[in-house]
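These notes concern the structure reproduced below.
The values are calculated or read from the model by the stated rules, or taken from the named source; none is laboratory data. What you are looking at is a predicted structure, and each value in this text was computed from that prediction instead of being measured. As a convention, Cβ positions derive from the backbone with ideal geometry for all residues, glycine included, and neighbour counts pool all protein chains shown. For accessibility, only protein heavy atoms count, side chains too; no ligands or nucleic acids. Shrake-Rupley method; radii C 1.70, N 1.55, O 1.52, S 1.80 Å.
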Amino acid sequence: MTSAQRPALAPALGCLPGDISVSFEFFPPKTEKMEEQLWDAITQLAPLAPSFVSVTYGAGGSTRERTHATVARLAAETNLVPAAHLTCVGASKGEIDEIADQYWEAGVRHIVALRGDPPPSQGGVFTPHPEGYASAADLVAGLKARHDFDISVAAYPEVHPEAASAQSDLDNLKRKIDAGANRAITQFFFSAEAYFRFLDKTQAAGITAPILPGIMPVTSFAAIRRMSGNTEIPVWLEAMFEGLDERPGPRALVAAVAAADLCRNLYEGGVRDFHFYTLNRAEQAYAICQLLGLRPKLQELRESA
């Protein structure tokens, strides 16, 4: 077959139209060096005009002050929309109400409401505070009664590891949405089919709130394996990262392409909003957005110059 007879092939990773919206998750820094890394990542990703940026809350509320400080700084020093994670663990309703009031007074209007991971002292078993909220659904209802927050909650396409069943996990998500949550953000996953199967189930359950896919670029495959819980790691994905745990450069390139491919499959299924777990690093999230056709907003770049 001559070159003239060969069909024209579209590039596998040709840019999408750029009609997507993104959001980014960060965690509060523990040291001055980590704080520099965090704000460098925020500065690099801000021109992509994320719909919001969230800041996590450590197990047992262990990062409460640092989370609040980071969120307050985002609200005061940037044009970004900050979303503060808030959990039920280890706090009374009064303490959580006080934290919610502080966020509201700081201009923070978006809360990511979570049950939270129990501290090691509880042996990995969640026990509600005697005077606290018993579940994420209760927390959502309490926050909505306190202030008119925009609230995101967690969803698990491949079922929460502690759930009694897939149906009970789905029922719990519906309780959170019915309590007043505006959207859900999923745990990371590596199969577009897993997300779309989950979406079918949520729609059948009468859940109409948006469910943003949470995308986790692979920074360390060993770490991903530890964090996966009920998340299936496809054999082909494991093969892609074989031998790369000690080669950060090639691993980062492969991770960006793999995550962009997942996003493209989601895009073809109608998804336009993506939430990236950045681990306080900008390069991979930025590269994935570039591959998806998202470009910096020129006006914002001029304003920040």
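Numbers below:
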quantity: Cα lying deepest toward the dipole's positive end in the chain, options TYR57, VAL81, ILE233, charges on Cβ; calculated: ILE233
quantity: Of [x] 118; [y] 151; [z] 169, the label for volume of the Cα convex hull per residue in Å³ derived from the coordinates; calculated: [z]
quantity: Surface accessible to a 1.4 Å probe, per residue, for the residues of the stretch 84-190, Å²; calculated: 42 Å²
quantity: Test item: Cα-centred dipole of the chain, Lys/Arg +1 and Asp/Glu -1 on Cβ, debye; calculated: 480 debye
quantity: Solvent-accessible area of THR78 with every protein chain in place, 1.4 Å probe, in Å² to the nearest 10; calculated: 40 Å²
quantity: Cα-centred dipole magnitude for the stretch 186-305, charges only on beta-carbon of K, R (+1) and D, E (-1), debye, nearest 20; calculated: 220 debye
quantity: Cα-based helix-to-principal-axis angle, 192-204 vs the chain, degrees rounded to 10; calculated: 50 degrees
quantity: Ranked order, GLU105, GLU25 - accessible area, probe 1.4 Å, largest first; calculated: GLU105, GLU25
quantity: Cβ charges +1 (Lys, Arg) and -1 (Asp, Glu), total dipole of the stretch 76-181, debye; calculated: 200 debye
quantity: Rounded accessible area of MET240 (nearest 10 Å², 1.4 Å probe); calculated: 70 Å²
quantity: Accessible-area ranking of LYS33, LYS93, LYS176, LYS201, largest first, probe 1.4 Å; calculated: LYS33, LYS201, LYS93, LYS176
quantity: Carbon plus sulfur fraction of accessible area for the chain, probe 1.4 Å, in percent; calculated: 52 percent
quantity: Solvent exposure ordering (accessible area, 1.4 Å, most first) of VAL108, VAL254, VAL81; calculated: VAL81, VAL254, VAL108
quantity: For the chain: lysine pairs under 20 Å (alpha-carbon distance), excluding those fewer than 8 apart on one chain; calculated: 6
